[in-house]
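Written below as structure tokens is the structure these notes are about.
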Amino acid sequence: MSILKIEGLHAAYGSTKVLNGIDLDIAEGQIITIVGSNGAGKTTLLSCISGLIPYTGSITFRGESISSNVGSDERVKRGIIQVPEGRQVFAEFSVLNNLKMGAYTLPRNEKIAPMLEEIYKLFPRLNERKNQKAGSLSGGEQQMLALGRALLSKPQLLMLDEPSMGLAPVVVIDIFKTIRKLNERGISILLVEQNAKLALKVADYAYVMENGRISLSGVASEIAEDEKVRAAYLGG
Amino acid sequence: MHKTKRETKIVIFVMVFIAAVMPFILGTKNNYFINILISYCYYGIMAMSLNLLVGYTGQISLGHGAFMAIGGYTYAILTKTLGWHFLPAIFGSLVLTFLLGLLIGLASCKLHAIFLAMTTLGFSKVVSLIIINEGWLTGGANGFVGIKKLTVFGHRFMNYQLYFVALALTLMVALICYRLIYSKTGRAFQAIRTAPIAAASMGINVNGYKFLVCGISAAMAGLAGCIYALNINYLSADIFDKSSILLLTMTVVGGMGSLFGPIIGTLVIGTLPELLRPFAEYLDGIYGVVIILVVLFMPHGIYGGMKSLIDRKRKSDILSEVTP
């Protein structure tokens with residue numbers, strides 16, 4: 001069953017068209033990756049799904065159609081969570097308060113202590129630094145914090161925008177292992193990534209985006225073998 | 001979220017106590033000092049209002065004096081021209097400034113910081129032009145004269161008694177700010193300032209909160225305008241026009257994004273004109289120099305500077321305990 005289905009999605013910044021009819025389908029419990037060069041429209045696509053910019057075309061989440069005027073807060077409540085590009089932690093808040101912001105849309109009586117336990121188990125580093133300001137964390141720790149914060153919003157579909165950006169290779173491996181773990185817990189994941197090699201390794205299904213269109217899609221391992229993709233994104 | 005709670009409480013208690021006994025020390029009949037004390041109240045409310053907007057949500061207003069003017073003029077028109085009682089008149093000007101604040105809020109949802117700053121500047125110019133040109137309503141360039149002193153049940157308030165009313169209102173505003181900032185809403189405000197995209201992806205209604213905070217902040221400024229009208233009994237457009245930058249100076253010098261900052265800023269900048277009477281012509285220049293010095297050496301304002309000094313001392317105390 002598909003958790004998110006997109007048909008004929010168009011979006012533009014002013015008169016500049018960025019998305020020209022995107023069709024995309026995410027099966028429940030899978031990791032989907034979108035690879036493509038800079039400016040292909042990947043982040044714009046995520047912004048549409050999160051409700052940050054207007055679009056035309058249809059987005060269906062769990063069988064319910066979401067029109068362009070449904071606000072981002074409502075989408076978060078339904079379980080569509082984005083971890084934005086460049087981590088975007090709240091630098092002046094402590095790690096703990098950053099995590100609590102993740103629980104912003106949860107009802108007041110929801111107990112977050114057990115959820116925090118869970119996140120500290122996943123990222124012990126965050127527990128050690130919970131009273132430290134988020135701005136003082138390293139890049140990798142900030143990415144973990146951004147992930148942990150997103151988890152507190154109880155995602156059903158987690159969208160990750162360039163989680164490997166600016167991180168050391170060892171840390172990137174860690175982050176991707178975590179993404180796997182989260183997926184094993186039943187969270188569907190939409191991964192946008194420049195590091196196509198790694199993204200295709202971890203994903204079940206892949207879409208290749210070019211100039212605001214899907215140019216190719218298929219099982220991730222097959223896409224990784226595709227001649228054109230290898231030449232364009234995987235360095236031959 | 002708020003550590004050193006006990007120390008903070010003591011500081012607040014001492015400050016309120018000093019504020020309360022001040023008129024008795026300086027003399028309840030000494031109108032010069034009482035007027036300065038009352039000015040601390042309305043400037044303090046203005047600084048807190050601006051702090052909420054600029055310091056916590058990161059939206060710069062260069063025309064906040066306009067809301068103070070609207071508050072003051074509305075109060076004056078309602079009480080003198082229409083003969084309303086003072087309470088409904090204050091309420092009326094709060095409602096009007098709140099609604100006009102929402103109007104600016106609409107703009108703030110669409111505009112980035114610097115453009116919003118220009119919009120608010122334009123707004124304040126429009127307000128002051130309306131005040132000057134609509135003489136039948138506002139008294140025009142001559143100003144609005146003859147605003148009644150505060151009178152309750154036939155008892156006419158002395159200036160020092162008005163000060164206590166103003167002080168109570170200031171404390172009320174401070175309490176509202178405190179409750180707001182340490183609430184879920186307050187955290188949302190700060191999240192919007194530090195990382196707006198992340199705030200939106202946490203499900204915070206960014207535009208909704210920007211809209212709301214503009215209204216709240218404007219209503220606070222309106223209240224300050226009412227107190228001003230009650231104290232001075234005379235209004236003119238140019239006073240408010242000039243005060244926008246002065247108010248921003250108070251907020252920046254005191255320390256944005258903290259509760260104490262604006263109050264410290266008000267006390268420091270509010271006192272300067274009195275101390276520097278002999279150099280009154282150079283006052284604007286002196287403000288400029290103060291801003292430059294603060295921005296250079298204490299980017300988080302006087303409050304931020306003091307806090308980091310205390311933190312440093314605490315750290316070195318701990319170190320000296322550890323190393324014999």
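The values are calculated or read from the model by the stated rules, or taken from the named source; none is laboratory data. Not measured: the values here are computed from a predicted model. Don't worry about glycine lacking a Cβ; one is built from the backbone with ideal geometry, like all the others, and counts go over all protein chains shown. Note: areas computed on protein heavy atoms with side chains; ligands, DNA, RNA excluded. Shrake-Rupley method; radii C 1.70, N 1.55, O 1.52, S 1.80 Å.
Any residue that is open to solvent by 30 Å² or more (accessible area, probe 1.4 Å) and over 16 Å from the mean Cα position of the chain (by Cα) - is there at least one of those in the range A:155-165? No: zero hits. Just one of the numbered conditions (1) touching a residue at least 24 places away in the same chain (Cβ under 8 Å); (2) open to solvent by 50 Å² or more (accessible area, probe 1.4 Å); (3) not polar (S, T, N, Q) is not true of residue B:102: (2).
Residues checked against (1) under 30 Å from residue B:156 (Cα atoms); (2) β-branched (Val, Ile, Thr):
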site	(1), (2)
B:36	yes, yes
B:41	yes, no
B:80	yes, no
B:95	yes, yes
B:105	no, no
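Okay, residues lined up against (1) farther than 16 Å from residue A:101 by Cβ; (2) in contact with a His (Cβ under 9 Å, 6 or more places away or on another chain); (3) within 14 Å of chain A (Cβ to nearest Cβ); (4) in a helix (DSSP H, G or I):
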{"position": "B:174", "(1), (2), (3), (4)": "yes, no, no, yes"}
{"position": "B:191", "(1), (2), (3), (4)": "no, no, yes, yes"}
{"position": "B:197", "(1), (2), (3), (4)": "no, no, yes, yes"}
{"position": "B:220", "(1), (2), (3), (4)": "yes, no, no, yes"}
{"position": "B:230", "(1), (2), (3), (4)": "yes, no, no, yes"}
{"position": "B:244", "(1), (2), (3), (4)": "yes, yes, no, yes"}
{"position": "B:266", "(1), (2), (3), (4)": "yes, no, no, yes"}
{"position": "B:271", "(1), (2), (3), (4)": "yes, no, no, yes"}
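Does the range B:32-45 contain at least one residue that is surrounded by 22 or more Cβ atoms within 10 Å (Cβ to Cβ), over 17 Å from residue B:187 (Cα atoms) and of a type in the set (Gly, Ala, Ser)? Yes - at least one qualifying residue is present in the range B:32-45. Within this structure, residue B:26 fails the test of being modelled with pLDDT under 95 and more than 25 Å from residue B:159 (Cβ to Cβ).
Restricted to the range B:1-10, and to residues there that are open to solvent by 50 Å² or more (accessible area, probe 1.4 Å) and out of contact with any Phe, Trp or Tyr (no Cβ under 8 Å at 6 or more places or on another chain), the residue that is modelled with the lowest pLDDT is B:3. Counting only strands (runs of 3 or more DSSP E) that sit wholly inside the range A:37-135, those with at least 1 residues that are surrounded by fewer than 19 Cβ atoms within 10 Å (Cβ to Cβ) and either in contact with a strand residue (DSSP E or B) (Cβ under 9 Å, 6 or more places away or on another chain) or at pLDDT 90 or above (or both) are A:56-61, A:64-66.
If you filter the range B:170-206 down to residues that are of a type in the set (Ser, Thr, Tyr) and more than 17 Å from residue B:259 (Cβ to Cβ), you find that the one that is surrounded by the fewest Cβ atoms within 10 Å (Cβ to Cβ) is B:194.
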